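Participant: Structure below; questions to follow.
The values are calculated or read from the model by the stated rules, or taken from the named source; none is laboratory data. This is a predicted model, so every value here is computed, not measured. Don't worry about glycine lacking a Cβ; one is built from the backbone with ideal geometry, like all the others, and counts go over all protein chains shown.
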Amino acid sequence: MVRFLVSRLAQAAAIVFLVATLSFVLIHMAPGDPMQAMGEWSFVSPDVIEQQRRLWGLDRPLSEQYLRYVANVARGDLGYSFAEHRPVAQAIGERIPNTLVLAVAALVVMFGVGIAVGALQGARARSRLDDALSLTTVVLYSVPVFWLGLVLLLLFGQALHWLPVGGATDAVLHSHLSWLGRVGDRVRHLILPAATLGLVGAAGVARYQRAAMLEAVRQDFVRAARAKGLAERAVLIRHALRTALLPTVTLFGLTFPLLLSGAVLVETVFGWPGLGKFAVDAIRNRDYQVVTASAIITAVMVTAGNLLADVLYRFVDPRTRTA
Amino acid sequence: MPLTVQRLLVQRRAQAGLLLIALLVAGALLAPIVSPYDPIAQLDLEQRQLLAPSPAHPFGTDLLSRDLLSRVLFGARISLAIAFLSVTVSIVVGTLVGLVAGFAGGALDTLAMRAVDTALAIPRIFLLLVILGLWGAVGVPVLIVILGLTNWFDTSRLVRAEVLSLKQREFVLATRALGVGPTRTLFGHILPNVAAPITVSAALGIGQIVLVEAGLSFLGIGVRKPTPSWGLMIAESQDLMVSAWWTVAFPGLAIVITVIAFSLLGDALQAALDPRTR
């Protein structure tokens, strides 16, 4: 297990290093340089821009710039946010918890709803319920996540007034609430974004889980469980579903990139102050170091997620431990 | 192949998907003829702003008094053109990389697959944010190329995996014994056997790229104003959603229907090509 972890960690580090390299290549392939945006403001003199170029080492040969860049990233220095006038790492650090909270909540919805629906469909294959749920999942799978967000916002926020329409907390009341009230406020703000992001993913999980369940209920051990007179419920849940969960666990690692991509759109729709919204705003402000840094950070999150999924898989499937 | 076509066409979802795709393509091609109005023309800012759906404007009008039905029809042109062309780019690149990496093996394979791993580690929208952010406003042709070149990674993995298993098969050994060169073996004998999974991946890919393009346009970094793109139309109208639902509803439904059509076709294709998944 230790050897497996060490080798997987080394791989993860290599990928993050390559992602940093890729973003360096992209930055330098792009027209202009990070100081170009400054030149567009008429009040910044060319001398200042030249001084800034020297300060950030942009006048150095490319190989030196690259080494410096990698060394900076490795030390956690992701550049300077011109829009926020502070280091990017600091500004991004404030957003990461919000995105993580959203992603984890969406993950719970995604796998909770997805597994339940898919297992039900697999157990009642080709029934009217299965057909109806299949249609629902195909539709949900095809809905643009930002549009679903807007529809839910219109319905539960604007029309029914059940839930707040945006942000992570109530802008006025939050700081006056009790500790418990603050938690409640946060949860109320989290419901719609997490449901939006989670439901779209749940459709994919359900499709996968249905196929796995269909495969499992055909197996001999399920027939054996029935033959020994177990209740149908126990057969389906304890015997069939338990085996059918295994393929779904492999999905776990694959969902992180999708979840973070979706988070960009969901955060924008709901004004959720996370990494995705920050990156989109940074493009509008031409704050490029924030954009590239957010790509590196999300790559780290994806790689960590994959690592977690691998470990989880070894944990739930004993067969992989000896291999 | 005819048997596969038969297996495809007997499925209800394939029929539904193909019918929807035919309607969408017809709407896109005939948009200049069937659209009641010019999609970009601001018809009458005083009298026709934000009109609810009516016989004169079946989908209503937007804030700038433009006819939404015309914009949705022209939006189909943009979305489908971007989707078809960029998927063509990604399928060609992905297939080539996968074929060569899988067939050559060794250092070339390792290099290609590490590159793919790296690219896949960055969530797609962030990769596109970096590229589109750094390059600034790009036209539709450049957008197509960028979408195509950031979307071939999965295809190349899929093709490589197929090639690796095909390489071990006896017919490949036979071609070598007959003195067929590696290029001809790869393109003449291995490629046709990979065609099936590539086709499925293309059909599913089109729906997904429609979603990606809509998302980027919604964020304001995909298709630019005043070109009618579904994602952009939703972004422009989202603040009016409460008072004028139709401005957000119809472009959204157009996206949903398009993606459903290609998902249905992709699923049906998969079932037709691989009966085990039924």
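Participant: Take the conditions in contact (Cβ under 8 Å) with a residue 12 or more places away in the chain, within 7 Å of chain B (Cβ to nearest Cβ) and more than 16 Å from residue A:16 (Cα to Cα) and apply them to residue A:250. Does it pass?
Facilitator: So residue A:250 fails the test.
Participant: Given the criterion surrounded by fewer than 24 Cβ atoms within 10 Å (Cβ to Cβ) and within 14 Å of another protein chain (Cβ to nearest Cβ), identify the matching residue among A:317, A:310.
Facilitator: A:310
Participant: Here is a check on your reading of the model: is residue A:291 at the interface with another protein chain (Cβ under 9 Å from one of its Cβ atoms), surrounded by 24 or more Cβ atoms within 10 Å (Cβ to Cβ) and not basic (Lys, Arg)?
Facilitator: So residue A:291 passes the test.
Participant: Of all residues in the stretch A:253-280, which are more than 7 Å from every other protein chain (Cβ to nearest Cβ), part of a helix (DSSP H, G or I) and at pLDDT 90 or above?
Facilitator: Within the stretch A:253-280, A:259, A:262, A:263, A:266, A:267, A:269, A:270, A:275, A:276, A:277, A:278 meet the criteria.
Participant: Considering only the stretch A:1-70, give the helices (runs of 4 or more DSSP H) lying wholly within it that have at least 3 residues that are at pLDDT 80 or above.
Facilitator: Here the list reads A:2-29, A:46-55.
Participant: Of the numbered conditions (1) surrounded by fewer than 21 Cβ atoms within 10 Å (Cβ to Cβ); (2) within 14 Å of another protein chain (Cβ to nearest Cβ); (3) within 29 Å of residue A:297 (Cα to Cα); (4) not charged (D, E, K, R), residue A:88 satisfies every one except a single condition; which is it?
Facilitator: Failing condition for residue A:88: (1).
Participant: Give the residue that is nearest to the other protein chains (Cβ to nearest Cβ), with candidates limited to residues of the stretch B:172-217 that are among the hydroxyl-bearing types (Ser, Thr, Tyr) and under 23 Å from the mean Cα position of the chain (by Cα).
Facilitator: Among residues in the stretch B:172-217 that are among the hydroxyl-bearing types (Ser, Thr, Tyr) and under 23 Å from the mean Cα position of the chain (by Cα), the one nearest to the other protein chains (Cβ to nearest Cβ) is B:217.
Participant: Being of a type in the set (A, V, I, L, M, F, W, C) and modelled with pLDDT under 85 is the filter here; which residues of the stretch B:47-62 pass it?
Facilitator: Across the stretch B:47-62, the qualifying residues are B:50, B:51, B:52, B:56.
Participant: Limited to the stretch B:150-171, what total is found for residues that are in a helix (DSSP H, G or I), closer than 14 Å to residue B:87 by Cα and more than 12 Å from chain A (Cβ to nearest Cβ)?
Facilitator: Count: 2.
Participant: May I ask you to say which residue of B:96, B:69 is closer than 23 Å to residue B:256 by Cα and either touching a helix residue (DSSP H, G or I) at 6+ places or on another chain (Cβ under 9 Å) or modelled with pLDDT of 90 or more (or both)?
Facilitator: B:69
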